Amino acid sequence: MLKSWYLIFIAGLQCSFAYAQLAVPGYIITNHNEVIHGAIRIQDPVKQQHEVEFIALNGQGYTRFDGSQLMGYGYITKKDTVRYVSTVATAKTEHGKTSRLFLRQLCAGPVQLLDYYFPVYYSGISQSQYVTNYRYQAPPASYLGRVDHSVLVWRAGQAGFVETRAWKFPQEVAEYFADYPALKSDLHAGRYRRRDLQAIVRRYNTWQLAQTTNTGK
């Protein structure tokens with residue numbers, strides 16, 4: 001099935017090679033939860049969070065979408081499928097609107113891990129200020145031409161993200177997952193390292209989903 005889809009994708013893109021130079025197989029998820037296949041034009045990792053350029057299977061140009069217009073998107077690499085989800089930023093913009101960003105999803109479930117990329121500046125603009133921009137704009141002159149990233153953790157119902165780079169490991173991680181006593185105990189016992197964060201979140205999500213199933217909620 002996947003092989004057949006690739007053949008259709010390639011045939012469609014041949015109609016407009018100019019648009020497809022930086023394109024890879026992908027899909028978008030509309031706000032009505034409809035999955036539409038085509039291709040995604042890869043951009044720099046900061047801009048990729050603010051908008052996605054989607055090419056339909058007929059190859060006739062591309063359409064730009066921002067985080068308010070889609071639930072998410074993804075694209076296929078040689079190793080994996082990269083998934084982005086539309087996520088509410090932590091603050092409102094100067095226009096009084098709540099901005100939405102596409103953040104790369106590392107772990108899905110009751111607790112999500114999200115990759116957040118931001119420009120490195122000499123001074124003047126912080127990471128937290130940049131994340132609330134409503135539209136992507138070219139970085140100012142102080143932009144160093146490179147990006148850094150942080151892994152954010154978000155729990156369903158939580159207002160805002162927690163930046164994991166600032167966590168004291170394992171103490172604050174154990175407190176965040178304190179409702180799962182066995183995991184908290186293993187963290188304090190030194191059975192996990194900071195590099196194991198994805199494994200920690202996946203274990204917690206498996207436990208949390210089992211709790212929900214058992215209680216019938």
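Name the residues in region 178-202 that are under 16 Å from Gly109 (Cβ atoms) and not in a helix (DSSP H, G or I), would you? So that I can check it myself, show each step before the final result.
From region 178-202, those under 16 Å from Gly109 (Cβ atoms) are 179-180, 183, 197-202; that's our starting set.
Correct list: Asp179, Tyr180.
Go through region 206-217 and give me each residue that's in a helix (DSSP H, G or I), open to solvent by 70 Å² or more (accessible area, probe 1.4 Å) and at pLDDT below 95. Lay out the reasoning, then the answer.
Looking only at region 206-217, we keep the residues that are in a helix (DSSP H, G or I), and these are 206-215.
Within this subset, residues satisfying the condition of being open to solvent by 70 Å² or more (accessible area, probe 1.4 Å) are 206, 209, 211, 213-215.
Within region 206-217, Leu209, Gln211, Thr213, Asn214, Thr215 meet the criteria.
Of the conditions (1) open to solvent by 40 Å² or more (accessible area, probe 1.4 Å); (2) within 23 Å of Gly74 (Cβ to Cβ); (3) modelled with pLDDT under 80, Gln137 satisfies every one except a single condition; which number is it?
(2)
Can you find a residue that is in a loop (DSSP other than H, G, I, E, B), over 12 Å from the mean Cα position of the chain (by Cα), at positive phi and modelled with pLDDT of 80 or more anywhere in region 107-117? Lay out the reasoning, then the answer.
At the first step, the residues of region 107-117 found to be in a loop (DSSP other than H, G, I, E, B) are 108-110.
When the remaining residues are screened for being over 12 Å from the mean Cα position of the chain (by Cα), the result is 109-110.
Among the residues that remain, those that are also at positive phi are: 109.
From what's left, modelled with pLDDT of 80 or more: 109.
For region 107-117, residues in a loop (DSSP other than H, G, I, E, B), over 12 Å from the mean Cα position of the chain (by Cα), at positive phi and modelled with pLDDT of 80 or more: present.
For region 23-32, indicate whether the set of residues that are modelled with pLDDT of 80 or more and in a helix (DSSP H, G or I) is non-empty. Lay out the reasoning, then the answer.
Kept after step one, since they are modelled with pLDDT of 80 or more, are these residues of region 23-32: 23-32.
So of that shortlist, the ones also in a helix (DSSP H, G or I) come out as none.
Within region 23-32, none of the residues are modelled with pLDDT of 80 or more and in a helix (DSSP H, G or I).
Looking only at region 147-177, which residues are of a type in the set (Lys, Arg) and in a helix (DSSP H, G or I)?
The answer is Arg165, and nothing else.
So which of Phe161, Phe177, Phe169 ends up being within 23 Å of Val52 (Cβ to Cβ) and either open to solvent by less than 70 Å² (accessible area, probe 1.4 Å) or modelled with pLDDT under 95 (or both)? Quick ask: steps written out before the conclusion?
Working: Phe177 fails: within 23 Å of Val52 (Cβ to Cβ); Phe169 fails: within 23 Å of Val52 (Cβ to Cβ).
Testing whether each residue is within 23 Å of Val52 (Cβ to Cβ) and either open to solvent by less than 70 Å² (accessible area, probe 1.4 Å) or modelled with pLDDT under 95 (or both) leaves just Phe161.
Of the residues that make up region 186-205, is at least one at pLDDT 95 or above and of a type in the set (S, T, N, Q)?
Yes.
The values are calculated or read from the model by the stated rules, or taken from the named source; none is laboratory data. As the structure is a prediction and not an experimental result, all values here were calculated from the model. FYI the Cβ positions are ideal-geometry reconstructions off the backbone, even for glycines, and counts take in every protein chain you see. Each accessible area value is taken on the protein alone, full model and side chains, heavy atoms only, with ligands, DNA and RNA left out. Shrake-Rupley method; radii C 1.70, N 1.55, O 1.52, S 1.80 Å.
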